[in-house]
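Only one structure is covered here, and it is reproduced in the block below.
The values are calculated or read from the model by the stated rules, or taken from the named source; none is laboratory data. Source: prediction; values computed, not measured. Note that each Cβ is placed from the backbone with ideal geometry, even for glycine, and that neighbours are counted across all protein chains shown.
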Amino acid sequence: MSGPQFLHIQSYSRKANKIGQSVQQILDEAGRAPEFCQHVENPEPPNLIYGLTPQQVREKHDAIVESGYVEVALKDGTSARRGIRKDRHTLLTAVASYPFLTKQVAAESAGREDYARWIDLNVRWLKETFGDRLISVVEHVDEEHPHIHAFILPFDDPSCSARHLNPAWKAKEEAEATARESGKSAKEAVKLGNLAYRARGRDLQDQYFAEVGLPAGLTRVGPKRERLSREQWKQRKEQARRDAAQIRQMTERVKQIADIEAQLDADADRRAEEIAKKLDAAEALFAEALSVQSHAEEEAQEIRERANGDVAVMKQEAQAKLDTKTKRLERRAAEIQSAHSTLEQERHEIMKNTVLHVAAITARVLVGVLTGSVRFDGKQSKLCFEDPELAHEVEQFEIAPIIQNAVIVVSRVWSRLAQLLSSEEIKSEHDKQSRALSSVARPVSKGIEP
């Protein structure tokens, strides 16, 4: 499905405007207070999408207005603080309406998925646009079109001006100030400000379409706005749907690529760490070798200095020392190699015994299935054991998820077999299978730890 987008941003004061809209009226209508939702045939409470309820927004709004103030200049040149006037706009709202009927969205699964994606895109755009000042997003599904209301408060602003939170209004005031500074008349400044307001408003709608409407498969405007024929409008909606699908595919692909890159980076970091450790070990060995070499050279130099009397004897002594050190190093290397071999043998033996132990536990579980001492709970999701020791060993080795399918198969086969055999045949078959499994389920050494 696709259709034109709709986004409306407006600020309100505590004093009602010409059509009776005020902070209280807007929040009570959003909260579905009876006196403010008479336009809705069957009012329903709003769905809270993000942040606070409308009533909580009202409480937060009243608190910041109560503590707010404006600086005013007095006739004597001094300044004073005044409370916030009731006609100051202190609440900013954003309303986004989905272009499809509420009953359409509720009736079609694909329509509900598209609508849910539209909701998520709106909340993300609102957070990115207004930051922490966005305190609430509520949903109405009791009118012809589903829509959301967002509420934004002017935190960190003592003057509590919500108009300045509207990017279009901010552009208007900046344009007017620039015009006055350049010598323009008040009328010309207001005109330039209004032009800036409309231009920034269009930019904001374009941004909203690019980040929400287009990914959700909506069009920028409706057919009447562009005076399109019915066939042209159908083609435009179909193209919007295809564009949205492509954007979703591209987004998912980018996410997959990011995940792959993150994994590659993690692997590269791990490998770099391993290489660094190996280099550190190699450098340590090299430093040790240099130290040994240096020490040997010092001793050789001393031997040479003392060789004036009997060169041959000194050479023999030097060679004897060198041979002794060499043999010592060779013995040390042999000891290390032997210790390594012993460690490998012990590891192999532990692994073998652990496998045998797990096999024995599995056999005992299967025997328990045949005897009825092992069974599933009522939800068929967890094994129950009458033998606490067997239950402890299954939990200790964490093999329940591994043998669960085997237990299910054996239980089903044994159940079906029991339906076909007499009681004597069942007992005979049970004894036969128990004997076959008992050779595997023999006790093993208690010294093995998982």
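Some points to look at:
- Identity of the residue in the range 380-414, under 26 Å from Glu429 (Cα atoms) and not in a helix (DSSP H, G or I), that ends up modelled with the lowest pLDDT: Gln380
- Scan of the range 184-218 for residues that are acidic (Asp, Glu) and surrounded by fewer than 15 Cβ atoms within 10 Å (Cβ to Cβ), ordered by number: Glu188, Asp203, Asp206
- Selection status of Gln38, surrounded by 14 or more Cβ atoms within 10 Å (Cβ to Cβ), among the polar types (S, T, N, Q), modelled with pLDDT under 95 and under 27 Å from Gln104 (Cα atoms): no
- Criterion applied to Glu330, Glu349, Glu335 was being assigned to a helix (DSSP H, G or I), within 53 Å of the chain's Cα centre (by Cα) and closer than 28 Å to Leu285 by Cβ, and the one residue passing it is Glu335.
- The condition of being part of a helix (DSSP H, G or I), in the same structural domain as Lys427 (by TED's automatic domain parsing) and either small (Gly, Ala, Ser) or within 23 Å of Lys427 (Cβ to Cβ) (or both) holds for only one of Leu343, Leu370, Leu356, that being Leu370.
- For the range 384-423, filtered to residues that are over 14 Å from Val367 (Cβ atoms), within 33 Å of the chain's Cα centre (by Cα) and among the aliphatic types (A, V, I, L, M), the residue that is surrounded by the fewest Cβ atoms within 10 Å (Cβ to Cβ) is Ile402.
- Condition check for Ser13 on (1) surrounded by fewer than 19 Cβ atoms within 10 Å (Cβ to Cβ); (2) within 29 Å of Tyr197 (Cα to Cα); (3) over 36 Å from the mean Cα position of the chain (by Cα): one failure, at (1).
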